[in-house]
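Chemist: Supplied in structure tokens, the structure appears directly below.
The values are calculated or read from the model by the stated rules, or taken from the named source; none is laboratory data. Note that this is a predicted model, so its numbers are computed, not measured. Virtual Cβ from ideal backbone geometry, glycine too; neighbours counted across all protein chains shown. For the accessible areas, the whole protein counts, side chains as well, though only heavy atoms, and no ligand, DNA or RNA atoms are used. Shrake-Rupley method; radii C 1.70, N 1.55, O 1.52, S 1.80 Å.
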Amino acid sequence: QVQLVESGGGLVQPGGSLRLSCAAAGSIFSIYFMGWYRQAPGKQRELVAQISRGGNTIYADSVKGRFTISRDNAKNTVYLQMNSLKPEDTAVYYCNAHGLGSDYWGQGTQVTVSS
């Protein structure tokens, strides 16, 4: 089992920045991919960014150039630096860990972009 604890959400004005953190505990050895998904009201959950154990990354087209995912393997933590935030980035952001055929999810953290 893997436990994920997220932090860093909140309210920010358009154009602002936030950094999300996700700390993993438990069967860390089984994790290969870590990533962030988001779900806005009335919409499906979507992939925002993902990083492999080796540091390879993928991003949703809507966040490329604005968001950066990074991973500290020593701390078992993944980060999402979000810059130039837009109102359409408003959603609940979920941390995800994937490995050995299993998916684990954090509890979610609300990000609201509004003036």
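Chemist: What list of ³J(HN,Hα) couplings, whole Hz, do you get for segment 17-30 from phi and the Karplus terms 6.51, -1.76, 1.60, once you set θ to phi - 60° and write x for glycine and proline?
Modeler: For segment 17-30, the Karplus curve yields 10, 8, 10, 9, 10, 9, 9, 9, 9, x, 7, 4, 4, 7 Hz.
Chemist: Run the accessible area of the chain with a 1.4 Å probe and give the carbon-and-sulfur part as a rounded percent. The partial results should precede the final answer.
Modeler: On the way: 2900 of 5980 Å².
Here it works out to 49 percent.
Chemist: How far is it, in nm, from the label point at Q13 to the one at K86 when both lie 7 Å from their Cα along the line to the Cβ?
Modeler: Going by the 7 Å Cα→Cβ label model, 2.0 nm.
Chemist: How much length, in nm to one decimal, is gained on full extension between Q3 and D103, taken as 0.36 nm per residue of separation minus their Cα-Cα distance? Each step should come with its number before you reach the end.
Modeler: Details: separation 100, 0.36 × 100 = 36.00 nm, distance 1.08 nm.
Extra length from Q3 to D103 when fully extended: 34.9 nm.
Chemist: With labels modelled as points extended 7 Å from the Cα through the Cβ direction, what inter-label distance (nm, one decimal) is found for T112 paired with Q44?
Modeler: Calculated label separation equals 2.8 nm.
Chemist: While we're looking at this one, here's another question. Could you name the aspartates and glutamates in cross-link range of K43, using Cα to Cα under 15 Å and dropping any fewer than eight places away on the same chain?
Modeler: Within reach: E88, D89.
Chemist: Could you provide, to the nearest whole Å², the per residue accessible area of the chain with probe 1.4 Å?
Modeler: In whole numbers, the chain has 52 Å² accessible per residue.
Chemist: Could I ask something else about it? Among F67, G35, L47, flag the residue with its Cα farthest along the positive direction of the charge dipole of segment 12-115, charges on Cβ as +1 for Lys/Arg and -1 for Asp/Glu.
Modeler: Working it through, the farthest residue towards the positive pole turns out to be F67.
Chemist: Oh, and also: What number, in percent, do you get for the relative contact order of the chain if the mean sequence gap of Cα pairs under 8 Å and at least 6 apart is divided by its residue count?
Modeler: 37
Chemist: Going through segment 1-78, which chymotrypsin sites (Phe, Trp or Tyr not before Pro) have at most 13 other Cβ atoms within 10 Å and a DSSP loop state?
Modeler: Y32
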